[in-house]
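One structure below.
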Amino acid sequence: EKGTYPHFMLKEIDEQPFVMRRIIKEYQTEDNKLKLDADVRQAMKACDRIYIIAAGTSYHAGLVGKEFIEKLANIPVEVHIASEFSYNMPLLSENPLFVFISQSGETADSRAVLVRIKELGHPALTITNVPGSTLSREADYTLNLYAGPEIAVASTKAYTAQIAVLAILAVDTAQAKELELDFDPMQELAIVANAMEVLTDQKEAIEELVRENLGTTRNAFFIGRSTDYHVCQEGSLKLKEISYIQAEGFAGGELKHGTIALIEEGTPVIAIATQENVNLSIRGNVQEVAARGANTMVFSMKGLEQDTDAFVIPHVHELLTPLASVVPMQLLAYYAALHRDCDVDKPRNLAKSVTVE
Ligand code: M6R
């Protein structure tokens, strides 16, 4: 039920701090250890490469998850769009583990891959919000997202839950492999939950940005580097699917390889700047597009902010910045759709779960 909320999407955006806290509770033992199925741990430890298979927003969560697993657990990861993998399967490693990420657990494109890799005899883990779903039943192992039902077609709390669970999985694997770690996922996720509360309290500021910058525009670009680039991809998907503004997420460094030709006087460009090591270069990209007339809005992390930035995101651990920076992106999309009188929860031409290939 929506309760007092005008839309499920807004309710689900606001639920994200609670989802983070529920995930902490569900994946922690009483003596503060990580609580994961021993079979999952074993499968992660035994594989030589992970293939993440997903679609849409879940694919974007997979791109962030790859970073966790590679950086923390030292296992190479490939992330594939399910519908592409089916028809163009890459050369597989000797002991692959397939990880399916799916809110609904019913996405036909992902299921087609699962059926195929089961025929080949490879193990599969499904990370889903619906434990009894097809992808969960047909895989060897399941991790639950504990996000609660997600009704709005635009996925919000499932994305942040997926990233949180992937971080926990990566750390658990690192511990199983006895790797040195200086990262307590539960402590950091608790900080994220608080940051999300601060962010969801700033709806008016985001609505104002939308009114000033996205009112009548036909297109918008999102630019970021490294982890921020993945959030740009998610932010642009969110904006296009519910507000019908043509939106694209780009890696900052790619602009001069073509995209910058699209920048005209007044083109909105949203930049995400949460990573210290690329802060200077993304700032350079912002200047390049501003010099060509773009209407730039920088969303930066506390500590990296500059006076002219449009919005400052509270500080969270560098690995977990997508969990914070995506919240204002979700709200941007929400208010842009609202201001255009679009059907926020049920955008045209889209279904909540895509059960046909
Ligand atoms: O249920 P799934 O996570 O497998 O769904 C995958 C995509 O269809 C889904 O994320 C879609 O892109 C959303 N509408 C995005 O908001």
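The values are calculated or read from the model by the stated rules, or taken from the named source; none is laboratory data. All figures in this text were calculated on a predicted structure; none of them were measured in a lab. Methodologically, a virtual Cβ is constructed for each residue, glycine included, from the backbone with ideal geometry; neighbour enumeration extends over all protein chains shown. All accessible areas refer to the heavy atoms of the entire protein, side chains included, with ligands and DNA or RNA removed. Shrake-Rupley method; radii C 1.70, N 1.55, O 1.52, S 1.80 Å.
Against the condition more than 13 Å from the ligand (Cβ to nearest atom), in a helix (DSSP H, G or I) and touching a strand residue (DSSP E or B) at 6+ places or on another chain (Cβ under 9 Å), how does ILE50 come out, does it pass? No, not satisfied. Candidates PHE222, PHE250: the one that is open to solvent by 30 Å² or more (accessible area, probe 1.4 Å), in a strand (DSSP E or B) and not charged (D, E, K, R) is PHE250. Consider region 265-309 and keep the residues that are within 13 Å of SER226 (Cβ to Cβ) and in contact with a Gly (Cβ under 6 Å, 6 or more places away or on another chain). The one that is surrounded by the most Cβ atoms within 10 Å (Cβ to Cβ) is ILE272. Confirm whether SER58 is assigned to a loop (DSSP other than H, G, I, E, B) and crowded, with 19+ Cβ neighbours inside 10 Å. The answer is no for SER58. In summary, VAL316 fulfils each of the numbered conditions (1) in a loop (DSSP other than H, G, I, E, B); (2) within 16 Å of the ligand (Cβ to nearest atom); (3) under 19 Å from the mean Cα position of the chain (by Cα) with the single exception of condition (2). Only residues that are more than 15 Å from LEU239 (Cβ to Cβ), within 12 Å of the ligand (Cβ to nearest atom) and out of contact with any Ser or Thr (no Cβ under 9 Å at 6 or more places or on another chain): list them for region 320-357, please. Once the filter is applied, which keeps residues that are more than 15 Å from LEU239 (Cβ to Cβ), within 12 Å of the ligand (Cβ to nearest atom) and out of contact with any Ser or Thr (no Cβ under 9 Å at 6 or more places or on another chain), region 320-357 yields ASP345, LYS346, ASN349, ALA351, VAL356. Restricting attention to region 103-139, the residues that are under 20 Å from ASP48 (Cβ atoms), open to solvent by 40 Å² or more (accessible area, probe 1.4 Å) and part of a loop (DSSP other than H, G, I, E, B) add up to 3.
Residue-wise test of (1) acidic (Asp, Glu); (2) in contact with a helix residue (DSSP H, G or I) (Cβ under 6 Å, 6 or more places away or on another chain); (3) touching a residue at least 24 places away in the same chain (Cβ under 8 Å); (4) closer than 24 Å to ASP184 by Cα.
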{"site": "GLU248", "(1), (2), (3), (4)": "yes, yes, yes, no"}
{"site": "GLU264", "(1), (2), (3), (4)": "yes, no, yes, no"}
{"site": "MET301", "(1), (2), (3), (4)": "no, no, yes, yes"}
{"site": "VAL326", "(1), (2), (3), (4)": "no, yes, yes, yes"}
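For ILE206, the stated conditions do not hold, so it cannot be described as assigned to a strand (DSSP E or B) and buried (at least 22 other Cβ atoms within 10 Å of the Cβ).
Taken as a whole, the condition of being open to solvent by 30 Å² or more (accessible area, probe 1.4 Å), part of a helix (DSSP H, G or I) and either at pLDDT below 95 or β-branched (Val, Ile, Thr) (or both) does not apply to VAL165. All of (1) surrounded by 23 or more Cβ atoms within 10 Å (Cβ to Cβ); (2) part of a helix (DSSP H, G or I); (3) within 16 Å of the ligand (Cβ to nearest atom) hold for ALA170 with one exception: (3).
Checking the structure you have, find out if any residue of region 88-95 is outside any helix (DSSP H, G or I) and within 17 Å of GLN162 (Cβ to Cβ). The answer is no; no qualifying residue exists. Across region 253-305, the number of residues qualifying as among the polar types (S, T, N, Q), in a helix (DSSP H, G or I) and closer than 17 Å to GLN233 by Cβ comes to 2.
Condition check ((1) over 19 Å from the mean Cα position of the chain (by Cα); (2) in contact (Cβ under 8 Å) with a residue 24 or more places away in the chain; (3) within 13 Å of the ligand (Cβ to nearest atom)) across all residues:
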{"residue": "SER110", "(1), (2), (3)": "no, yes, yes"}
{"residue": "GLY121", "(1), (2), (3)": "yes, no, no"}
{"residue": "ILE127", "(1), (2), (3)": "no, yes, yes"}
{"residue": "LEU135", "(1), (2), (3)": "yes, yes, yes"}
